[in-house]
1. Could you grab the pairs with beta carbons closer than 7 Å, sequence gap of 6+ or different chains, first residue in the stretch A:752-780 and without any contact (Cβ under 8 Å) to a residue 12 or more places away in the chain and at negative phi, second one among the β-branched types (Val, Ile, Thr) and surrounded by 22 or more Cβ atoms within 10 Å (Cβ to Cβ)?
2. Say we look at the stretch A:800-823 and pick out the residues that are outside any loop (DSSP other than H, G, I, E, B) and crowded, with 18+ Cβ neighbours inside 10 Å; which of these is nearest to RNA strand B (Cβ to nearest atom)?
3. Out of the stretch A:555-571, which residues are touching a helix residue (DSSP H, G or I) at 6+ places or on another chain (Cβ under 8 Å) and of a type outside the set (Ser, Thr, Tyr)?
4. Is it the case that the stretch A:319-327 has a residue that's near RNA strand B (Cβ under 7 Å from one of its atoms) and small (Gly, Ala, Ser)?
5. Where residues in the stretch A:232-275 are more than 17 Å from A:Ala359 (Cα to Cα) and among the acidic types (Asp, Glu), which of them is nearest to RNA strand B (Cβ to nearest atom)?
6. Pairs under 6 Å by beta carbon, first residue over 19 Å from A:Ser78 (Cα atoms) in the stretch A:113-135, partner acidic (Asp, Glu), six or more apart or different chains?
7. Can you name the number of the only condition in (1) among the small types (Gly, Ala, Ser); (2) away from RNA strand B (no atom under 13 Å from the Cβ); (3) surrounded by 12 or more Cβ atoms within 10 Å (Cβ to Cβ) that A:Ser867 fails?
8. Could you check the stretch A:390-422 and list, in sequence order, the residues that are touching a residue at least 12 places away in the same chain (Cβ under 8 Å) and of a type in the set (S, T, N, Q)?
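Each reported figure results from applying straightforward, stated rules to the coordinates on display, with no laboratory input. Remember, it's a predicted structure, so these values are computed and weren't measured experimentally. Here the Cβ positions follow ideal geometry from the backbone for every residue, glycine too, while neighbour counts run over all protein chains shown.
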Amino acid sequence: MQGDHPNNARKNDQNPKQIGPRSNRYEPHQIEAKWQRRWEEARVFEVSSHPSRPKFYLLEMFPYPSGRIHMGHVRNYSIGDVMARFRRMQGFNVLHPMGWDAFGLPAENAAIDQKVHPAVWTFQNIDFMRNQLKKLGYSYDWSREFATCTPEYYKWNQWVFLKMYERGLAFRKKSFVNWCPSCQTVLANEQVEAGLCWRCNAEVTQKELEQWFLKITAYAEELLKGCEELAGGWPERVLTMQSNWIGKSHGAEVDFPLAELHGCIRIYTTRQDTLYGATFMVLAPEHPMAKELCRGTLQEAKVMEFIERQSRVEKFVREAESTEKEGVFTGQWAINPLTRERIPIWVANFVLMEYGTGAIMAVPAHDQRDLDFARKYSLPVRVVIQPQEGTLDQENMTVAYTQEGTLVQSGPFDGMPSSKAREAIGQYLEEQGIGRRTVNYRLRDWGISRQRYWGTPIPMIYCQRCGTVPVPYEQLPVILPLDLDLLEGGRSPLPASEEFLKVACPECGRQARRETDTMDTFVDSSWYFGRYTCPHYTQGPLDPQEVGYWMPVDQYIGGIEHAILHLLYSRFWTMFMRDLGLYREGEPYRRLLTQGMVCKESHYCPEHEYLFPEEVEERDGMPHCLKCGSPVRVGRVEKMSKSKKNVVDPDRIVSRYGADTVRLFCLSDSPPEKDLEWSDQNVEGCYRFLNRFWNLVCDRLEVTKDVEPYRGELPPEGPARSLLQATHAAIKKVTEEIEERYHLNTAISAIRTLVNQIQELEPQGLDSRSRSVLRLAMETALVLLYPFVPHICEELWERLGQPDSLVDHPWPKWDEAMLLREEVQVVVQVNGKVRAQLTLPAGASQQRVLEAAMADPRVQKHTGGRSPRKVVHVPDRLLNLVL
RNA sequence: GCGAGAGUGGCGGAACUGGCAGACGCGCUGGACUUAGGAUCCAGUGGGGCAACCCGUGGGGGUUCAACUCCCCCCUCUCGCACCA
């Protein structure tokens, strides 16, 4: 990486005499600036809807304006740009927009650290990053750019929120949340690291707060069903993750009457077939009945102490599997509705209030958690399912039997297979009115309230008289005031701003108070793709005409880290917007490509932890820490990150080699969905290839000048024929790799193969037909390479004398007839081992191939003159002689 | 524990429905041109063997004329979920 050779003059230049503005040397910065300017001036990437033209909506996940583009962005957007330019050449009307996910915490952190307003910081970053993206030459329609932190956009977040509120899908509820007492705010789960606030390291507690929720669970079934329909277009693992997250289970709710008190406790189980084995019950500590039940019993003090203690344990600690199961008896009993036995009611830490009903029936013989708990507190164990083989010993068993079997000790259901018993007992419960079969989801409603400043204000008003009142539509947007500064510790200034807070109640006109929480930023990214189709529309969030033409997104590209959150939220949001009549379909993304991470080797010193490469010195062939001299561990390839000190700044690479080199590297070393390992040497290799390609074309400008690309018949055997065939083979391979498999790395290697073959044809002394074939091969290589490295290709295309830009050049088609070979290589195997290779006319019969094979001395040597017992012939490929 | 994916030269990775394993590139070796080469070009490059040949896709079995590819068992790694009743 040191030295300046990429900028060296090419001293052995074939044609050093040419001077003036048009140098014969590959000068990436000059040509990149030139073509970026031309594209921009001609507005070639600005598109509009054309109902008669086929559309293709290509979208990459928009960036958070963090300050600088990183290599992950470059990879993501380079993949997208190939697809966009490729589809455009295929004749599609391609929408390829870019914008900014501009609300969020980092802006507030910057405000605290740098004393700059979040809005100022955000827009400065946007300006800087937009410039970076432009220098990379992506084919965006910049006329559609927007940032989500503008009122023109977030107005419609508020509008949709009110629509949800009208339909009961936005509601306020008390719930436990992660709370940082020092920052005075709710934290998302991702912002809690090992129980500490990621920013101030204060211990995060659980706090019960009134929060706004969106009822994503109302769409649980459709979200799940969609996972099946998206199969094929989406990576399977993303769909699996979403299905697991939704977590549908079939079971039953059963009411257990209290023995001494009125009322009953409702539980949820998936194993109603084990109901006869329920020997105790357990409530979550937060269960509303937990405190009630123990009141007045001898257990009261103990239970209250336990509940109090559990409330102080952070959720993630309590939910960890390693946490010891712990509980107390409430002093109350319930009746098992099937056995009519009295069973004790406990409160324990391993039961979660959020799942099911927050209460369980414990069947220790057939559930490991229940068994662990039963053994610890000496509670009874009763086997009600016996396996096919062997007999369970309920007195001594330590491993619960959770599989299928035959019912025992289960009254009228004895002898029934457990799967059948689930149905039968479920039905019986319904007949008796003590329970019902039901479906349960793991998915929880989406809490969107944030005690933050830099976000969309939630459009609600609290009136002492009228209660919670929505802001009337005509008063939208509720503007986030920009003349406020964050309070100490990053606290939101909204609750302290009289001007913002005080508002007339829309119903009674008396003074009321605005909601001061803002929305989770995932709201912003839940529908931005729709807004790109009509970024300036003012009559609603979406222009039906534009949306009708462009949506859904045909190809979405982004990181796997959004597999659940963003991709689930936006599916939900789209389904809701569809129900409002804003979309025709509920699924926003037809095809999804999740690209891998960009990784690089890290350097780790046992003393000083992660080191920058320049903090490492080579000594005795071993890397050592410059600070302390300790040997440094290298060779571990990890995701590029500041903390690992292994990031490569795209700007540095662009300024050294140009955008085309960075793009080519990011696309050629790995298939898009896999991780990409950064390699300085391979970047160098890409730069060398572009130089070689440049020189190759420039050196052949003379011989191909005024020559038409070849369009005739397949010439006879010879270099021209080979090159023509190679050209068509490359078109076929590259087209299929991009279109069907997204394997851009193998597409690139196919182009490199073609370039190598062009180079093999000595350009001097060619006949006119060969020059024509050469011209075709060169043009084809340029066109195929164009989506990957557009600048160099446009420049060479122009130098070839082409009047048009490659932007709208039709993607080439291959001719199968050109791929036909007169002669083929047939492999001859003897007993499955390759022994000879024969050159034979294509389509030779088995008889013909066999004769040729038997005449081959190497084959004869291995057959020893014997005739084969069996002959396997794969036409034009292989002949296997089995002796 | 459950779920998903992966394991191929010195390295990144090819081989799409079983049919010449290692495409393409990086690195390396030798050579040419050079005052010079970290530029460019040419040749070579899975391992072993002088050779004929033999051995090679995490390990072990199997199916098949033929297995990186299909089946069974095992090992390792990565990711996701994880006390979900």
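1. Cβ pairs passing all conditions: none.
2. Per the stated criteria, the residue is A:Leu806.
3. A:Gln555, A:Ile557, A:Gly558, A:Gly559, A:Ile560, A:Ala563, A:Ile564, A:Leu565, A:His566, A:Leu567, A:Leu568, A:Arg571, listed by residue number.
4. yes
5. Across the stretch A:232-275, the extreme among qualifying residues is A:Glu236.
6. A:Pro118/A:Glu108
7. Against the list (1) among the small types (Gly, Ala, Ser); (2) away from RNA strand B (no atom under 13 Å from the Cβ); (3) surrounded by 12 or more Cβ atoms within 10 Å (Cβ to Cβ), A:Ser867 comes up short only on (3).
8. Within the stretch A:390-422, A:Gln394, A:Thr398, A:Thr402, A:Gln403, A:Thr406, A:Gln409, A:Ser410, A:Ser418, A:Ser419 meet the criteria.
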